[in-house]
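Below is one structure, written out as structure tokens, with a few remarks after it.
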Amino acid sequence: MNEVKARRDKGAVARTLDALKRGAAGDANTMPLLLDCVKAYCTVGEVSDALREVFGTYEEPAVF
């Protein structure tokens, strides 16, 4: 895993994650953007963090 991260194009990773954030914030179809991230070797964590920045984290409301 560390070898892949060391060899990947950091610029492509940043560009695709930024495009994903912009697309998710709008009304774009995110599937092609997600595929671009995968092709640029973005990690699941990086993709998840990008989407969390846009949508936040769901917290179940407490019901008593």
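The values are calculated or read from the model by the stated rules, or taken from the named source; none is laboratory data. Worth saying up front: this structure is predicted, and the values here are computed from it rather than measured. Cβ placement follows ideal geometry from the backbone for every residue including glycine, while neighbour counts extend to all protein chains displayed. Heavy atoms of the whole protein, side chains included, go into the accessibility calculation; ligands, DNA and RNA do not. Shrake-Rupley method; radii C 1.70, N 1.55, O 1.52, S 1.80 Å.
Just a few scattered comments:
- Aspartates and glutamates with Cα under 19 Å of residue 39, excluding same-chain neighbours fewer than 8 positions away: 3, 9, 18, 49
- Note on the chain: Cα-Cα pairs beyond 14 Å make up 58% of the total pair count.
- Adding -39500 (n - 2.57) for every DSSP H run of four residues or longer, then dividing by how many residues the chain holds, sets the calculated 222 nm ellipticity at -21000 deg cm²/dmol.
- Segment 1-22-segment 32-64 distance, computed between alpha-carbon centres (Å): 15 Å
- Per-residue packing, averaged as other Cβ atoms within 10 Å, sorts the ranges 3-12, 29-38 into the order 29-38, 3-12, beginning with the highest.
- Accessible area per residue in Å² at 1.4 Å probe, computed on the chain: 78 Å²
- Residue among 49, 27, 18 with the largest mean-square fluctuation in a Gaussian network model of the chain, springs linking Cα atoms under 10 Å: 27
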